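Please read the structure below before turning to the comments.
The values are calculated or read from the model by the stated rules, or taken from the named source; none is laboratory data. The model shown is predicted, which means the values in this text are computed figures rather than measured ones. Glycine gets a Cβ as well: all are built from the backbone with ideal geometry, and neighbour counts include every protein chain shown.
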């Protein structure tokens with residue numbers, strides 16, 4: 001079940017391993033913003049990679065605010081209940097912590113379908129954390145991405161024998177990039193984007209900033225501070241559009257207004273890239289700026305300097321590549337200069353070593369997939 005752009009990179013290698021496993025059959029449901037052009041048409045990349053999509057579920061309501069998120073979740077429960085009734089899967093796999101994932105979990109659980117949750121047990125301090133832990137309590141099997149997450153899921157009352165540290169499948173892709181790190185494509189020629197034709201060949205920054213759902217009212221002012229800092233850094237920059245969350249309209253409006261008023265000569269804006277291309281872009285960048293979990297996960301494995309802004313990744317386990325700052329123009333600029341000069345950034349395997357997809361497929365093939373929820377206190 002894939003509901004958003006980041007979910008695909010988080011599960012792609014597991015999908016491939018499931019598809020190729022002799023004991024497993026993949027039924028793929030794509031829903032939510034993964035189907036929408038304004039958020040990058042992730043569905044196109046999924047189909048281009050050779051995956052057959054069994055069902056598409058259009059469920060996103062306009063608004064990008066807490067009420068539209070709640071309504072989208074409710075609509076998702078109704079639509080996905082029908083999909084699961086039609087497909088009759090032996091188990092449903094849901095990924096991470098986006099608000100749509102709780103709809104997947106509810107629709108499966110109420111039909112007594114075994115639920116497998118990938119990437120539970122992590123903490124971030126916003127609504128995503130509540131959704132992640134709620135998914136954990138609804139799930140029957142837990143495929144977590146780190147030892148820290150495994151310990152937390154067990155402390156939440158789940159049976160230790162149902163919790164497996166598989167690492168994060170996105171690290172599998174990062175490992176592919178580590179073996180072949182050259183940026184072997186021109187991002188502007190391949191993906192277009194909008195803005196200036198920046199001279200990125202001599203070094204560039206990457207920015208990916210999403211709204212924080214519990215701070216959505218400040219999304220426009222938050223992104224404006226980052227835009228001002230990056231503009232003043234005057235380094236070639238690839239900037240990616242936000243996810244569909246409460247506040248994403250504010251983030252988008254802030255970007256559009258800044259472009260109209262300042263016409264920044266050093267920034268090129270993009271909606272999406274294929275997962276491997278995006279990771280190659282990250283690997284060859286001087287620094288990632290923003291609040292994406294890619295800075296915490298993939299960038300720690302690839303040793304990419306990261307400036308993490310604000311509370312969106314609060315308390316999530318991070319590596320030596322990350323420095324944390326508030327939404328403050330001066331702090332952001334100082335932190336970027338700090339990361340550019342840092343000598344102590346090393347590759348770390350907090351979220352896996354590059355074999356997560358195969359581990360997940362093997363566990364799904366060998367472990368009993370049964371609807372059996374026993375809470376241990």
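Tabulated data
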quantity	calculated
Verdict on residue 185 being assigned to a loop (DSSP other than H, G, I, E, B) and either buried (at least 18 other Cβ atoms within 10 Å of the Cβ) or in contact (Cβ under 8 Å) with a residue 24 or more places away in the chain (or both)	yes
The stretch 157-167 - residue that is touching a residue at least 12 places away in the same chain (Cβ under 8 Å) and in contact with a helix residue (DSSP H, G or I) (Cβ under 6 Å, 6 or more places away or on another chain) and, of those, surrounded by the fewest Cβ atoms within 10 Å (Cβ to Cβ)	164
Selected residue (criterion: farthest from residue 142 (Cα to Cα)) from residues of the stretch 77-102 that are at pLDDT below 95 and touching a strand residue (DSSP E or B) at 6+ places or on another chain (Cβ under 9 Å)	100
Test for residue 173: is it on the phi < 0 side of the Ramachandran plot, surrounded by 15 or more Cβ atoms within 10 Å (Cβ to Cβ) and not in a helix (DSSP H, G or I)	no
Breaking point among (1) modelled with pLDDT of 95 or more; (2) closer than 24 Å to residue 192 by Cβ; (3) out of contact with any strand residue (DSSP E or B) (no Cβ under 6 Å at 6 or more places or on another chain), for residue 271	(1)
Any hit, the stretch 140-152, residues being without any contact (Cβ under 8 Å) to a residue 12 or more places away in the chain, surrounded by fewer than 24 Cβ atoms within 10 Å (Cβ to Cβ) and outside the structural domain of residue 310 (by TED's automatic domain parsing)	no
One residue from 304, 325 being in contact with a strand residue (DSSP E or B) (Cβ under 8 Å, 6 or more places away or on another chain), farther than 30 Å from residue 46 by Cα and at pLDDT 95 or above	325
Qualifying strands (runs of 3 or more DSSP E) (wholly inside the stretch 207-311; at least 1 residues being surrounded by fewer than 20 Cβ atoms within 10 Å (Cβ to Cβ))	267-270
Where residue 151 falls short, out of the listed (1) at pLDDT below 95; (2) farther than 25 Å from residue 73 by Cα; (3) in a helix (DSSP H, G or I)	(1)
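Table: residues versus (1) over 17 Å from the mean Cα position of the chain (by Cα); (2) in the same structural domain as residue 243 (by TED's automatic domain parsing); (3) within 30 Å of residue 352 (Cα to Cα).
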position: 68; (1), (2), (3): yes, no, no
position: 79; (1), (2), (3): yes, no, no
position: 82; (1), (2), (3): yes, no, no
position: 93; (1), (2), (3): no, no, yes
position: 96; (1), (2), (3): no, no, yes
position: 99; (1), (2), (3): no, no, yes
position: 108; (1), (2), (3): yes, no, yes
position: 112; (1), (2), (3): yes, no, no
position: 117; (1), (2), (3): no, no, yes
